[in-house]
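Structure, as structure tokens:
The values are calculated or read from the model by the stated rules, or taken from the named source; none is laboratory data. From a predicted model like this one, the values you see are computed outputs, not experimental measurements. Glycine gets a Cβ as well: all are built from the backbone with ideal geometry, and neighbour counts include every protein chain shown. Keep in mind that these areas ignore ligands, DNA and RNA; they rest on the heavy atoms of the full protein, side chains included. Shrake-Rupley method; radii C 1.70, N 1.55, O 1.52, S 1.80 Å.
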Amino acid sequence: MMKRSEFGNSKRGRFKTFVGLLLVIVAVWRLFCIGMDYREGEETYRKLEQAVSIHSEIRKESVQAEDTADTQETQDRGQAEKAAFDFSSIEIDFSYLQSLNEDIIGWLLFDYNGISYPVLQGEDNREYLYTMADKTENHAGSIFMDSLCGPDFEDMHTILYGHNRKDLTMFGKLKKYGAQAGYYEKNRYFTIYTPKNIFRYEIFAWYEAAEDDKVYQVGFSADAAFEDFTTQMKKRSFQNTQADVGRKDKIVTLSTCSAMGRRFVVHGKRIGGE
């Protein structure tokens, strides 16, 4: 029987050790790059949030109101929050924002959960997929409107896209509607600010959808077809919110990625504004 040389075995052992060490270095480097990507994205959007005047004071009061609302019955909590959050007192410096990027068309702000970002619209739905609002490249991308929708939010159905980030930035918190009990009751409303208007929305449905789902249709009129469209949204919701919705309601859909190539959508209907 022939025996392998000790030199050969030693050489192979050193090679395996080298490969293993190289893989560890690559993995550590990738984790470092991912961490830097997340950090840069968060810092960029927190700087942009300085354009939201008196934002910190309003948010502090709102969190305190939320704590108070937790002691009430579930059916009363939403109305208490709606009254507590003074969305009309918040001003957005669109002159400053649009000097950085003329594609900024609005600002999305949830009452309590920290989702607060500029809204952009590009020439197509890939332009801001990995480009932030200040035009720098980052995997955080931007919150952006479907390129086929009107930038004034006056369409019957408007779609906003955002990444499902692991650190819960961008649209990462949307998945909590489907995974965390009571999350809807505490986070029922959001506001969209534009250079000319303030629009208030009430969330009424959320669920998973395929990438080519009918929910991504736009261009509706206030007719029976749109009424059926909104009825299907209600039927598919993971929770019955008891909210009424029909052919005259203007709907904003917030869409993010989910597991296995699917998407998670949250629907809100306009309930007022200024």
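What the table below lists for this structure:
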quantity	calculated
Residue match in the stretch 117-125 (condition: within 14 Å of the chain's Cα centre (by Cα), among the aromatic types (F, W, Y) and part of a strand (DSSP E or B))	yes
Residue that is modelled with the highest pLDDT [pool: residues in the stretch 166-184 that are touching a Phe, Trp or Tyr at 6+ places or on another chain (Cβ under 7 Å) and farther than 15 Å from Y112 by Cα]	K175
Pairs, first within 16 Å of F238 (Cβ to Cβ) and among the basic types (K, R) in the stretch 179-193, second at pLDDT 95 or above and in a strand (DSSP E or B), C-beta under 8 Å, six or more apart	R188/E202; R188/I203
Filter result (part of a loop (DSSP other than H, G, I, E, B) and under 16 Å from Y207 (Cα atoms)) within the stretch 247-274	S258, R262
Residue that is surrounded by the most Cβ atoms within 10 Å (Cβ to Cβ), among those in the stretch 101-121 that are farther than 20 Å from G273 by Cβ, modelled with pLDDT of 95 or more and out of contact with any Ser or Thr (no Cβ under 6 Å at 6 or more places or on another chain)	D103
Matching residues, the stretch 82-98, being surrounded by fewer than 20 Cβ atoms within 10 Å (Cβ to Cβ) and modelled with pLDDT under 90	K82, A83, A84, D86, S88, S89
Qualifying positions in the stretch 152-190 - surrounded by 20 or more Cβ atoms within 10 Å (Cβ to Cβ) and assigned to a strand (DSSP E or B)	H157, T158, I159, L160, Y161, M170, F190
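Residue-by-condition table, conditions (1) open to solvent by less than 60 Å² (accessible area, probe 1.4 Å); (2) touching a residue at least 60 places away in the same chain (Cβ under 8 Å); (3) in contact with a helix residue (DSSP H, G or I) (Cβ under 9 Å, 6 or more places away or on another chain):
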{"site": "E202", "(1), (2), (3)": "yes, yes, yes"}
{"site": "V218", "(1), (2), (3)": "yes, yes, no"}
{"site": "S221", "(1), (2), (3)": "no, yes, no"}
{"site": "T230", "(1), (2), (3)": "yes, no, no"}
{"site": "M233", "(1), (2), (3)": "yes, no, yes"}
{"site": "T241", "(1), (2), (3)": "yes, no, yes"}
